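Engineer: Before we start, here is the structure in question, set down as structure tokens.
Values quoted throughout were computed directly from the atomic coordinates according to the rules given, and no laboratory measurement underlies them. In this text, all values refer to a predicted model and were calculated from it rather than measured experimentally. Every residue, glycine among them, receives a Cβ derived from its backbone with ideal geometry; neighbour counts consider all protein chains shown.
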Amino acid sequence: MPGLELFWLLLPLAAYSGYLTGRRGSERSSGARFSELSQTYFSGLNYLLNEQPDKALEVFLKIAEMDSDTFETQLALGNLFRRRGETDRAIRLHQDLYSRPKLSSEQRSIALQELGEDYMRAGLLDRAEALYTDLLNVGSQEPAALKHLIAIYQQERDWTRAIEMAVRLDQLKGGGAPLIAQFYCELAEQARTQGAFDEARSTAQRALRTDSKCVRARILLGRIERNLDRMDLAIEHFEAAVEVDPDFLPEVLPELLDAYEAQSACHQARDFLDRMLVRDRGVSAMLARSEMIERTQSRSDAITFLADRLHQRPSVRGVLKVIDLSFAGELGQRAEAVGLVRELLHRLLDRKPGYRCSRCGFSPRALHWQCPSCKSWGSIKPVPGVAGE
Ligand SMILES: [Zn+2]
């Protein structure tokens, strides 16, 4: 409903018009102008109520023209243009506003700030970058300018500069360590895909020094060591990752089990899985442990183990495993029935998203370190629940 949205956008302007009413009402000489202004405002409101936002905008433009000297009115109008997607108009207006000779230094930096928002909205990133860098250099609006620059460098995937700005913002406001660590991880990931493992390792370690709770850095270090066939170190990093955040167990478990096997570290694997089971860490550990029991003891021991665990913690994946173990090699009609149950359970599993963003609820099918929907970092995790983990 565009009319209603426009109404909210115009509220500041309306309030300001009310202020004019009060101020101008006391001046006898401008009485005529005031009544023209308020009449214009109310006819604009009328258009709005009749859901004719374009006509309403025309009317409000007229108000703004009549009151073109006032900084706040122009600011509201520029904001309106930008929110309507008319970035060219917003840019012209803010440039004009900025070049007025009588502005205070605070008004000037507000105008610049607005202009920067216009550039961002119009996708003119290099212009926005230049502008925010200028703002930064004169020491004005520093946190806001830094935030915008971080957003720009993220979009350009210029992680080195993003780190530089995030460190400066952290010095001003604190709390920036997790973000800085994510940026280091981006750099480390790049190095790893290029096969520059030493550089990847030292960059991931920097991420970890910045934020000791950075799970991504731990996982990355594990993968780097695995790439280099240093399985003992890989195991250490993967285990540490799960210590920091057990929700990531299903993410690293296949690689971790691989590493145990390459090291023939059966006891270490069993101890680790048992530790996870005591802490009730999801289905992955239970399934892996049952496979281990099947290999080292017997199939019926594995079924007993699973049945026992499933009473405490029901899960679709667990039931599926019991069916697989119990009815392997089944023939005839029973095999058909078992096949049907298995297929239905698989379809139930497929419907559940594998991951979810704790900030916005977005459910991607793969792990993203930056949420594609709300753009926050490190907010997406494997999903717990009956069908998921
Ligand atoms: Zn999100």
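Engineer: For the stretch 124-160 and the stretch 283-321, write down the distance between their C-alpha centroids in whole Å.
Structural biologist: The two parts, judged by their Cα centres, are 53 Å apart.
Engineer: Continuing with the same structure: For the stretch 306-370, which trypsin sites (Lys or Arg not before Pro) are in a loop by DSSP, counting at most 13 other Cβ atoms within 10 Å?
Structural biologist: Arg365
Engineer: Report the semi-axes of the equivalent ellipsoid for the stretch 59-208 in whole Å, largest first, where each axis is √(5λ) for an eigenvalue λ of the Cα gyration tensor.
Structural biologist: Value: 39, 16, 11 Å, ordered largest first.
Engineer: Turning to a different aspect of this structure: List every residue whose amide H lies under 5 Å from the amide H of Tyr355, counting only residues 5 or more places away in sequence or on a different chain, with H placed 1.01 Å from N in the peptide plane.
Structural biologist: For Tyr355, whose amide H was placed from the backbone, the distant partners under 5 Å are Val383.
Engineer: Each label point is 7 Å from the Cα along the Cα-to-Cβ direction; what then is the distance between the points at Ser300 and Arg347, in nm?
Structural biologist: Those two pseudo-labels are separated by 3.5 nm.
Engineer: Now a separate question. Run through the stretch 124-204 and list the trypsin sites (Lys or Arg not before Pro) located in a DSSP loop whose Cβ has at most 11 other Cβ atoms within 10 Å.
Structural biologist: Loop-located and lightly packed - Arg157.
Engineer: Continuing with this model, one more query. Please compute the modelled spin-label separation between Ala240 and Glu65, points set 7 Å along Cα→Cβ, answer in nm with one decimal.
Structural biologist: It is 6.8 nm.
Engineer: With only alpha-carbon atoms counted, please give the Rg and Dmax of the stretch 292-352, in Å.
Structural biologist: For the stretch 292-352, the Cα-based Rg and Dmax read 12.4, 34 Å.
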